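Below you'll find the structure, written out as structure tokens, and then a few comments.
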Amino acid sequence: MPSLAHELHVLVALMDRRAEALLAASGVGLTYRRFLVLLHVSDLDGPTQRELADRAGGSEAATSRMVAGLAADGLLDVGRGVGNRRELRLTAEGGRRLAEAGHVLGDRFDRAVRSVGADPADLLHTVTTLTTALRKD
């Protein structure tokens, strides 16, 4: 019998692959990973690379490489923050691409959740609560 952890892992992998395929077919010019990084930068409103790595769940080295690529492509501004910290902000083009990718992905997952009789808001609350608890461990 599958465990909850395994089923959640499978669900996330399926969602990631579907999102990647939708973005690739759209021509928006973002991978799903790049979309997520732009989304986190937007949500965090000027994070440092360390804060972004913590939120995105990646290493600081991988985040640094991603940030460098996004900055080179004109999607992120890397400015000076307090001390030697670098502060990240979306460029106008980064914001445009993020919005376009968000439109491509739309509310497909919310519709899927509703199709099995669940409430997306309730599921969001449960997942957010669980994520917060796991981050504290």
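Residues that are within 27 Å of Val78 (Cα to Cα) and touching a residue at least 60 places away in the same chain (Cβ under 8 Å) within region 20-38 comprise Leu23, Val28, Gly29, Leu30, Phe35, Leu38, listed in sequence order.
The requirement of being surrounded by 14 or more Cβ atoms within 10 Å (Cβ to Cβ), under 26 Å from Leu11 (Cβ atoms) and more than 17 Å from the chain's Cα centre (by Cα) is satisfied by Val113. Test Ala56 against the stated conditions and say whether it is under 20 Å from Thr128 (Cβ atoms) and under 15 Å from the mean Cα position of the chain (by Cα). For Ala56, the condition - under 20 Å from Thr128 (Cβ atoms) and under 15 Å from the mean Cα position of the chain (by Cα) - is met. For Ala21, state whether it is surrounded by fewer than 13 Cβ atoms within 10 Å (Cβ to Cβ), among the hydrophobic types (A, V, I, L, M, F, W, C) and more than 30 Å from Ala133 (Cβ to Cβ). Against the criterion (surrounded by fewer than 13 Cβ atoms within 10 Å (Cβ to Cβ), among the hydrophobic types (A, V, I, L, M, F, W, C) and more than 30 Å from Ala133 (Cβ to Cβ)), Ala21 qualifies. Where helices (runs of 4 or more DSSP H) fall wholly inside region 18-137, the ranges with 3 or more residues that are within 26 Å of Leu4 (Cα to Cα) are 32-44, 49-56, 108-115, 120-136. Annotation note: Cβ proximity below 9 Å between a residue of region 64-81 that is at pLDDT 95 or above and a residue that is surrounded by 14 or more Cβ atoms within 10 Å (Cβ to Cβ) and among the aromatic types (Phe, Trp, Tyr) (sequence gap 6+ or interchain) occurs for no pair. When region 25-56 is filtered for residues that are farther than 22 Å from Gly83 by Cβ, touching a strand residue (DSSP E or B) at 6+ places or on another chain (Cβ under 9 Å) and surrounded by 21 or more Cβ atoms within 10 Å (Cβ to Cβ), the ones remaining, listed by number, are Val37, Leu38.
Among residues that are more than 20 Å from Val12 (Cα to Cα), of a type in the set (A, V, I, L, M) and loosely packed, with under 11 Cβ neighbours inside 10 Å, Ala72 is included.
The values are calculated or read from the model by the stated rules, or taken from the named source; none is laboratory data. All values derive from a computational prediction rather than experimental measurement. Note: ideal-geometry Cβ built from the backbone for every residue, glycine included; neighbour counts use all protein chains shown.
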